1. Considering only residues of the stretch B:251-296 that are out of contact with any Leu (no Cβ under 9 Å at 6 or more places or on another chain) and not in a loop (DSSP other than H, G, I, E, B), which is farthest from the other protein chains (Cβ to nearest Cβ)?
2. For a quick check of your reading of the model, give me the residue pairs whose first member lies in the stretch B:117-128 and is in the same structural domain as B:K234 (by TED's automatic domain parsing), whose second is open to solvent by less than 30 Å² (accessible area, probe 1.4 Å) and among the hydroxyl-bearing types (S, T, Y), with beta-carbon atoms closer than 6 Å and at least 6 apart or on different chains.
3. With (1) out of contact with any strand residue (DSSP E or B) (no Cβ under 8 Å at 6 or more places or on another chain); (2) modelled with pLDDT of 95 or more as the list, and B:S187 as the residue in question, which single condition is left unmet?
4. How many residues does the stretch A:196-213 contain that are basic (K, R) and away from chain B (no Cβ under 11 Å)?
5. Scan the stretch A:239-254 and report the pairs whose first residue is closer than 19 Å to A:N276 by Cβ and in the same structural domain as A:V151 (by TED's automatic domain parsing) and whose second residue is open to solvent by 50 Å² or more (accessible area, probe 1.4 Å) and not in a loop (DSSP other than H, G, I, E, B), with Cβ atoms within less than 8 Å and a gap of 6+ or a chain change.
6. Assess whether B:L350 counts as being of a type in the set (A, V, I, L, M, F, W, C), free of Cβ contacts under 8 Å to residues at least 40 places away in the same chain and assigned by TED's automatic domain parsing to the domain that holds B:M446.
7. Restricting the stretch A:428-446 to residues that are without any contact (Cβ under 8 Å) to a residue 40 or more places away in the chain and within 17 Å of A:G390 (Cα to Cα), which is nearest to the other protein chains (Cβ to nearest Cβ)?
8. Mind checking which pairs have a first residue in the stretch B:471-500 that is free of Cβ contacts under 8 Å to residues at least 12 places away in the same chain and a second that is in a loop (DSSP other than H, G, I, E, B) and surrounded by fewer than 16 Cβ atoms within 10 Å (Cβ to Cβ), Cβ under 6 Å, 6 or more apart or different chains?
Protein chains: 2
Amino acid sequence: MNKMSMKWLLLLQLLQLTCYFSSGSCGKVLVWPVEFSHWMNMKTILDELVMRGHEVTVLQSSASTLIDPNKPLAMKFETFPVSLTKDDFQTLAKILIETWMLAVKDFFWIHLSTIQSLFDEFSDIGMKICSEVVSNKKLMTKLQESRFDVVLADAVGPCGELLAEILKVPLVYSLYFSPGYLVEKRSARLSFPPSYVPVMLSELSDHMTFMERVKNMIYVLYFDYWFQLYNEKKWNQFYSEVVGRPTTMAESMGKAEMWLIRNYWDFSFPRPRLPNVEFVGGLHCKPAKPLPKEMEEFVQSSGEHGIVVFSLGSMVSNISEERANVIASALAQIPQKVLWRYDGKKPDTLGPNTRLFKWIPQNDLLGHPKTKAFITHGGSNGIYEAIYHGIPMVGLPLFADQPHNIVHMTAKGAAIRLDLETMSTEDLLNALKEVINNPFYKENIMKLSAIQHDQPMKPLDRAIFWIEFVMRHKGAKHLRPASHNLTWFQYHSLDVIGFLLACVTTVVFVITKCCLFCCRKFASIGKKGKRD
Amino acid sequence: MNKMSMKWLLLLQLLQLTCYFSSGSCGKVLVWPVEFSHWMNMKTILDELVMRGHEVTVLQSSASTLIDPNKPLAMKFETFPVSLTKDDFQTLAKILIETWMLAVKDFFWIHLSTIQSLFDEFSDIGMKICSEVVSNKKLMTKLQESRFDVVLADAVGPCGELLAEILKVPLVYSLYFSPGYLVEKRSARLSFPPSYVPVMLSELSDHMTFMERVKNMIYVLYFDYWFQLYNEKKWNQFYSEVVGRPTTMAESMGKAEMWLIRNYWDFSFPRPRLPNVEFVGGLHCKPAKPLPKEMEEFVQSSGEHGIVVFSLGSMVSNISEERANVIASALAQIPQKVLWRYDGKKPDTLGPNTRLFKWIPQNDLLGHPKTKAFITHGGSNGIYEAIYHGIPMVGLPLFADQPHNIVHMTAKGAAIRLDLETMSTEDLLNALKEVINNPFYKENIMKLSAIQHDQPMKPLDRAIFWIEFVMRHKGAKHLRPASHNLTWFQYHSLDVIGFLLACVTTVVFVITKCCLFCCRKFASIGKKGKRD
């Protein structure tokens, strides 16, 4: 164990002791995370929980790549064996990204059908891993004996809710989005009017033309009645077998006490929400730390023109040589210095103002006073850092939620969107000049930044408050809408509408019959009278 | 000006100076209040705004009874002349209360039709007062010149939104409820599923049987398509004339930047909400202050049995002699001492353990450690004080929202409901014994109390935050759903559904026609072939 680790261990133990001897509200948190950028966000919450003295245990498969080598002891990692290897997992992730990136270019329905296949494939892998966890008797006994106070899970990675149910521990979710808001609708039981709430992945804004509303409605119908986030039949059967009674995945997920949505109204368009849904977008944002010496010198050398930060995120560090040259050529023509996170071959057209890095301290760069613009793939974490520091963007969305995220920023006048695959050098050059020199973009991103900073309580503090609340009160049942006790047709009042229609029809029928009967009676009396 | 007033004036000026020289976020608040318990709640917000150094001006008609003689200078009162006198107003209020109290006993539809007539009558008076304000050129010029930063209005008293529109100042609403959630639906643009959100005044809980859901649906239909909160046609015409373009009252109200709802999830059942709606119920609650000496002595004389607090609120201080005797007789039989706010003739059956008071410091009594139960009419302010201090209740609801409020408390196991007009001495005695001696009620009210106390931020602080936010940012447009730009049929996607149905019908029609045409063609070829 090195010195750094020892320091962390001592700090952790000290914090936990402080906690137990003072507020008494410290608890044991079991975490079911999801990899990549999801983990980066979740880790902010976990670090804060650890800082507040809670005992955090992260369940991690042997194929996972989560452990941060810098702070290995800030939280516990409980690693369970799975038949998948780290290499298998990384290959699968690579295929997922590449397939989705290609699919984005397709016609929307082909794109969605590709996503469906990807989700099906990952759903099967997820079920395999989940099954290997819950059938691991040694692990499950250990978890049972640990008596956790809360399970914190990412809602896009199934199994967390099953673990919470087996361990009889309240559940808190972290979630950025689910395609078509399927999880939010089916599990959190929230309806969104399709007239002003654009479906996630639709790339529409909240101000829609008639034809856009038609498009949105078609997406809603598609997602609600066709798309399967997971192969639900299989999962329902699996969950029923494990808990030993008929159940569904949506029912298990619906038991969550609190949903921490990684969004807020500077980024998202206003839409209805429920009391057990808290919007904590940008919780990972923090003031910039000083840059490494060499990087700071490069940044300072930009003079009054400042710098441009360019990253395509943690999942894509490389692009084709041809595209790299198109980009490098545009970057070479701006007066700013550019810091580009890029892992490929150095482009021939690279200008002296552009420096390539395998990794950049993105938040510290975006928070640097010299930063003028951010070229981004549109991941939600990066966009939130740009909002937090007030940096206008050029968006080059690649896959998943990225195009939809960039639509939000363009609709709010804080970004220009380009297509990485088809844009020319001139397109990128013009877009960069526009976001840097036209005050429209800077003013708008500064407005969003003001909203992000001016909240009743910081998003991270709100997230921690609700996790701690659930631990203190063994749940948050007072926030849970009664809709969870209704079937889908009861929820939509279809039985009531049917009953009322039947009543009205019966009444109309009886009245009509009575009238007809009376008419006939009078008519026959009239005829009889005439005959008499 | 007496010494007390001077002290307040100096404190106020000092606070405002501090504000201008420090945070710079102080502003000028114009208030359009509503009388009675609405004012008591609003005043808590205004006192806090004054304490934080804001300049608060309350618009008050010459018929109003708002001024608090204890602190006349904590905020400014701008009194405008109206043709109505204080006596007229008080007589009207008395008629309103008496008529509504009688109507409560009627069959629901007769009850609602009486409420409709009352609302119509008050709507006309409201319009008269509103018209006298906006046509008062001297007053309007003074208000224009005052350059307010925000208008704070009670949403059940029309005109605040019109003043905000004329003065071009952002608007913040305070609201507890509107019958059938009409204001929330029409102006805040929020839909509630009738399957689990009981209509306000329906006296249903969120867990409904099939027949209760049918009942709730009928109420929804009644309120949505029949009930008129105000005589809307008249108001729309009046507002259009004043602003000089066609508009509606709902449109004006819908411009509110923020809705501060005087409710929270300890009291209310969870239901959907929008980002510009903040639930700040119980903001007026505060720890108990010491009681007057004589009262404290009486309370202490109760020994281990403790006391019962009894009040029918600020609007009703008297009941019939017969009812008073029934109540007094029950109170005489309990071992607790009773403090009864009562202004009528001393009942003959009054026991030595019961003392009558014309006014009681309700919050201080409910917060007293000796208090065991609260007999209440079920006003929302009183219920919140009982929740805050964890005191179980016996509810004797009289009119307005009171029966609905008590239903919430009985559903949450924190109260027993009785009918003041029909209950016997034994009924009240049993109910009191039950809430005092059965730990079920105490446990449940303590759970609600824990929820009220354990919030991320105190409700009053949240209310003030959003008023100050609106002042700082000249609004809160980022919280405003895009639904406000849609007509009702666009909001419900009726145009889109119609269009899609038309498309499907056309496609089916064309396909059918083509098939028929082909069939005929083949048939004729077949026949021709046979003939050949």
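The values are calculated or read from the model by the stated rules, or taken from the named source; none is laboratory data. Because the structure is a prediction, the values reported are computed rather than measured. Every residue, glycine as well, gets a Cβ built from its backbone with ideal geometry; the counts of neighbours run over all protein chains shown. What goes into the accessible areas is simple: the full protein's heavy atoms, side chains included, and nothing from ligands, DNA or RNA. Shrake-Rupley method; radii C 1.70, N 1.55, O 1.52, S 1.80 Å.
1. Checked the stretch B:251-296; the qualifying residue farthest from the other protein chains (Cβ to nearest Cβ) is B:E294.
2. Close Cβ pairs satisfying both conditions: B:S123/B:Y230.
3. Here B:S187 meets the rest and fails (2).
4. Total satisfying the criteria: 0.
5. A:A250/A:R186; A:M253/A:R186; A:G254/A:R186
6. yes
7. By that ranking, first place goes to A:E443.
8. B:A482/A:H207
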